[in-house]
Amino acid sequence: MAVRAVRIAMNGVTGRMGYRQHLVRSLLALREQGGLDLGNGTTLMPEPVLVGRREHALAALAARHGLREWTTDLEAVLADPSVDIYFDSQVTSAREDALRKAIAAGKHLYTEKPTATRSEGARELARLAREAGVKHGVVQDKLFLPGLRKLKRLVDGGFFGRILSVRGEFGYWVFEGDWQEAQRPSWNYRAEHGGGIVVDMFPHWEYVLHHLFGRVTSVQAHVTTHIPRRWDERGEPYRATADDAAYGIFELEGGAVAQINSSWAVRVHRDELVEFQVDGTEGSAVAGLRRCRAQHRSATPKPVWNPDLPQAEPFRAQWQEVPDNGEFDNGFKAQWELFLRHVALDTPYAWDLAAGARGVQLAELGLRSAAEGRRLPVPELSL
């Protein structure tokens, strides 16, 4: 079998997500399994080129994983004709400019979200990539999680009948950084650096809702900063200028209503860090990252409200586990494989910069809705 190398400039892999999910659990995992079998007698072998600003951190990463190539010179990497793909997982505020440079250099590109800080910038990136004829993809990892794949199976099988509502809960307590180290970098809480939970999470909710249930047609959001003072990586206090909680209501094409709470200031009392409950005329389901449980109309109990008696119904035990019916690989790795096939074989690929722009648009409208205190329509995206 012939082996074909694909050189990928990876910008931002010294960060938590870029390192763990994209480098180690995706591309290095692909290398360890012998590459990606394209099914035509060719194996695609990823060759990461690490890119970043901190020379010592890049050198340490490269040494740890036996990688030969790393650089702090983004322009030189983009000018290198042997580099096929540019990947970006930098801080949000630096992403749009780097993606523009990659498009101008004729590189295929794959990027974390949000793709830009404003919807006009995100739309412009999609237009530029289309005009340049480069292939482009945006990370939409939650679609590849076992729990949501099982939920999609129920939707596609007509299990719910007419879907009435979706309720989502996401979040956990991110420590302030004074007496326990914060689990997220401090830029997440600085609006001037592209931080904020709306900018971070509403793009996720756009593609989850769009892919599973239908296009978002309106948004109404309440946004706040519950923890106004935090401590950074050096132990220095700073004022949080970005939102850390958002409470959104989204109307969907077809009439269903979604309510999703997103918070970095909530303590977890649920089975997983994110859960969605879907209720329909014929059945309901609750899906998290890995599990999905369902209850059909015919098996729905008949609760009676009586506050004077202890509740004896074992509600959780009355739901049925949706089986795996297959093997689920790491969601980031699964999407990387699809994008690499798209680049190598020109297979269809839906999660592009236009999809990324829809997520930025929803975040922008969510923030505007909160500022104006009203519900806003979400128009179909035009590039």
Within the stretch 269-309, the residues that are exposed (fewer than 14 other Cβ atoms within 10 Å of the Cβ), assigned to a loop (DSSP other than H, G, I, E, B) and aliphatic (A, V, I, L, M) are L273, V304, L309
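Please verify whether R316 is in the same structural domain as I197 (by TED's automatic domain parsing), at pLDDT below 95 and not in a loop (DSSP other than H, G, I, E, B), treating the condition exactly as stated. Outline the logic, then answer.
On the way: in the same structural domain as I197 (by TED's automatic domain parsing): yes; at pLDDT below 95: yes; not in a loop (DSSP other than H, G, I, E, B): yes.
In short, yes.
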Sole miss for E313 among (1) touching a residue at least 24 places away in the same chain (Cβ under 8 Å); (2) of a type in the set (D, E, K, R); (3) surrounded by 11 or more Cβ atoms within 10 Å (Cβ to Cβ) is condition (1)
Filtering the stretch 211-253 down to residues that are part of a loop (DSSP other than H, G, I, E, B) and not acidic (D, E) yields F213, G214, R215, T225, H226, I227, P228, R234, G235, A240, T241, A242
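Under the condition of being of a type in the set (S, T, N, Q) and over 27 Å from P185 (Cβ atoms), which residue from the stretch 1-43 is modelled with the lowest pLDDT?
Looking only at the stretch 1-43, we keep the residues that are of a type in the set (S, T, N, Q), and these are 11, 14, 21, 26, 33, 40, 42-43.
Applying the additional criterion that residues be over 27 Å from P185 (Cβ atoms) yields 33, 40, 42-43.
Numbers: Q33: 95, N40: 91, T42: 95, T43: 97.
For the stretch 1-43, the residue satisfying everything is N40.
Would you list the strands (runs of 3 or more DSSP E) that sit entirely within the stretch 94-204 and hold 2 or more residues that are under 18 Å from the mean Cα position of the chain (by Cα) and under 30 Å from E321 (Cα atoms)? Write out each step before concluding.
Numbers: elements: 108-111, 136-138, 163-171.
Of the strands (runs of 3 or more DSSP E) lying wholly inside the stretch 94-204, those with at least 2 residues that are under 18 Å from the mean Cα position of the chain (by Cα) and under 30 Å from E321 (Cα atoms) span 163-171.
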If you go through D232, D243, the only one that is surrounded by 21 or more Cβ atoms within 10 Å (Cβ to Cβ) and closer than 30 Å to E181 by Cα is D243
Filtering strands (runs of 3 or more DSSP E) wholly in the stretch 1-91 for at least 2 residues that are in the same structural domain as T111 (by TED's automatic domain parsing), more than 25 Å from D346 (Cα to Cα) and among the hydrophobic types (A, V, I, L, M, F, W, C) gives 42-51
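Condition first: over 28 Å from E169 (Cβ atoms) and surrounded by fewer than 22 Cβ atoms within 10 Å (Cβ to Cβ). Now tell me which residues in the stretch 130-151 satisfy that.
Keep residues of the stretch 130-151 that are over 28 Å from E169 (Cβ atoms), which gives 130-137.
Once the filter is applied, which keeps residues that are over 28 Å from E169 (Cβ atoms) and surrounded by fewer than 22 Cβ atoms within 10 Å (Cβ to Cβ), the stretch 130-151 yields R130, E131, A132, G133, V134, K135.
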Checking G280, G288 in turn, the sole residue that is among the small types (G, A, S), in contact (Cβ under 8 Å) with a residue 24 or more places away in the chain, within 27 Å of L30 (Cβ to Cβ) and not assigned by TED's automatic domain parsing to the domain that holds E112 turns out to be G288
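Would you point out the residue of the stretch 44-95, among those that are among the β-branched types (V, I, T) and at pLDDT below 95, that is nearest to A129 (Cα to Cα)?
Within the stretch 44-95, the match that is nearest to A129 (Cα to Cα) is T92.
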Does P348 satisfy the condition of being surrounded by fewer than 13 Cβ atoms within 10 Å (Cβ to Cβ), within 30 Å of R7 (Cβ to Cβ) and not aliphatic (A, V, I, L, M)?
-> yes
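The values are calculated or read from the model by the stated rules, or taken from the named source; none is laboratory data. Given the structure is predicted, the values throughout are model-derived calculations rather than measurements. Note that each Cβ is placed from the backbone with ideal geometry, even for glycine, and that neighbours are counted across all protein chains shown.
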